[in-house]
Amino acid sequence: MRLTTALALAITGAALPMPLLASLLVPLLTLLPAAAMAQSYPSRPVTVVVPFQPGGSVDGVARILVQKLNETVGQHFIVENRAGGASGTVGANAVAKAAPDGYTLLVSASVHVINPFLYKNVPYDVVKDFSPVVLLADGPLIVSTTPSVAANNLKDLFELVRKDPQKFTFGATTIGSASHLAIELLKRDAGLDTLVVSYKGTAPALTDLMSGQIHLLADPMLSSLPLAQGGQIKALGLTSLKRAAAAPHIPTVEESGVKGFEFVSWYGLWGPRNLPAEISDKLQSDVAKILAMPYVKQRLNLLGFDPIGAPADAFAKYILVEMAKYETIIKDAKIKLE
């Protein structure tokens, strides 16, 4: 007997065996609290943890998102920069250990799912201890050199490196980051064995690139584009297959001499494990509407990002595909666990 029929009979006074009535009503009653929770969510402040310092690309994406959530959903969302540990593990761990009620969320980048391949003691499982909510955006990196290098494209730079390899050092903003893996991929494709120095953040890496201490760096447009536009670093290519609207003068890495090269950094929203589906669905719906706004698209494009808005199931599958790709790169590059 269908539940709706049973309820109709009960309302009209028709007799139903109590065990049957109970078995039909229990599923309905168990749905009510979850539905009510989603309908009233959020009813108190929601902490959106960014596991890095303010000013970076993850922080930039998170603040655009939170600003619009507060304007459309209500003044409930706050960004909390909780940096520390290896590549954001302190902030991510706080979210992994939080109650799965939707009031503690994580905005992070692809490095979040790279960490397990690089660090032995990550205090959580990036797949099992988090609930993917929405894939927010992705964007290319700018591959740049120091202005004193006599090369205007990657092909010419790599020829200089082959002629005098001891003169050149490459850099990465942090170990295992998209910056690091992109440089390792470029090395592999070019057949180079150049030393890569991993920094503890974007600022020191860019400082050393500007001063000529390192000679190649891949970094998101948010932090590198202003320096390239000011002549403090020399942009050689974007790691996407098409030029960016925010920097149409910068060629792609393929145009700069490395055929078929593509590597993007991506950004996502997660909750703790067992986040109720109703909360996840509401967040995804609200965020998707925000990412479709012309103003938000424009803001993200200016920072070098393309909005996506893929829902939880698609995001979860994407994570597994990306993790397999990262594992291969790390093994091929012989990047050691720390």
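Can you tell me which residue is farthest from residue 178 (Cα to Cα) among those in segment 238-264 that are assigned to a loop (DSSP other than H, G, I, E, B) and polar (S, T, N, Q)?
Among residues in segment 238-264 that are assigned to a loop (DSSP other than H, G, I, E, B) and polar (S, T, N, Q), the one farthest from residue 178 (Cα to Cα) is 256.
Restricted to segment 77-97, and to residues that are outside any helix (DSSP H, G or I) and in contact (Cβ under 8 Å) with a residue 40 or more places away in the chain, which residue is farthest from the chain's Cα centre (by Cα)?
Filtering segment 77-97 for residues that are outside any helix (DSSP H, G or I) and in contact (Cβ under 8 Å) with a residue 40 or more places away in the chain, the one farthest from the chain's Cα centre (by Cα) comes out as 97.
When segment 199-213 is examined, which residues are found to be more than 21 Å from residue 266 (Cα to Cα), open to solvent by 40 Å² or more (accessible area, probe 1.4 Å) and not in a helix (DSSP H, G or I)?
Residue satisfying the conditions is 213 alone.
So in segment 286-338, with the set limited to residues that are polar (S, T, N, Q) and more than 25 Å from residue 127 (Cβ to Cβ), which one is modelled with the highest pLDDT?
Residue satisfying both the conditions and the ranking: 298.
Out of the residues in segment 214-245 that are of a type in the set (A, V, I, L, M), touching a Phe, Trp or Tyr at 6+ places or on another chain (Cβ under 9 Å) and more than 19 Å from residue 196 (Cα to Cα), which is surrounded by the fewest Cβ atoms within 10 Å (Cβ to Cβ)? Give the derivation first.
First, the residues of segment 214-245 that are of a type in the set (A, V, I, L, M): 214, 216-218, 221-222, 225, 227-228, 233, 235-236, 238, 241, 244-245.
Still in the list and also touching a Phe, Trp or Tyr at 6+ places or on another chain (Cβ under 9 Å): 214, 216-218, 221-222, 241.
Going one step further and asking which of them are more than 19 Å from residue 196 (Cα to Cα), we end up with 221-222, 241.
Values: 221: 25, 222: 22, 241: 14.
Here the residue is 241.
In this structure, is residue 322 in contact with a Phe, Trp or Tyr (Cβ under 7 Å, 6 or more places away or on another chain) and surrounded by fewer than 19 Cβ atoms within 10 Å (Cβ to Cβ)?
no
How many residues does segment 121-164 hold that are in a helix (DSSP H, G or I) and either surrounded by fewer than 19 Cβ atoms within 10 Å (Cβ to Cβ) or touching a Lys or Arg at 6+ places or on another chain (Cβ under 6 Å) (or both)?
6
The values are calculated or read from the model by the stated rules, or taken from the named source; none is laboratory data. These figures come from a predicted structure and were not determined experimentally. Positions of Cβ are generated from backbone atoms using ideal geometry, with glycine treated the same way; all protein chains shown enter the neighbour counts. Just so you know, the surface numbers come from the protein's heavy atoms only, side chains and all, with ligands and any DNA or RNA stripped out. Shrake-Rupley method; radii C 1.70, N 1.55, O 1.52, S 1.80 Å.
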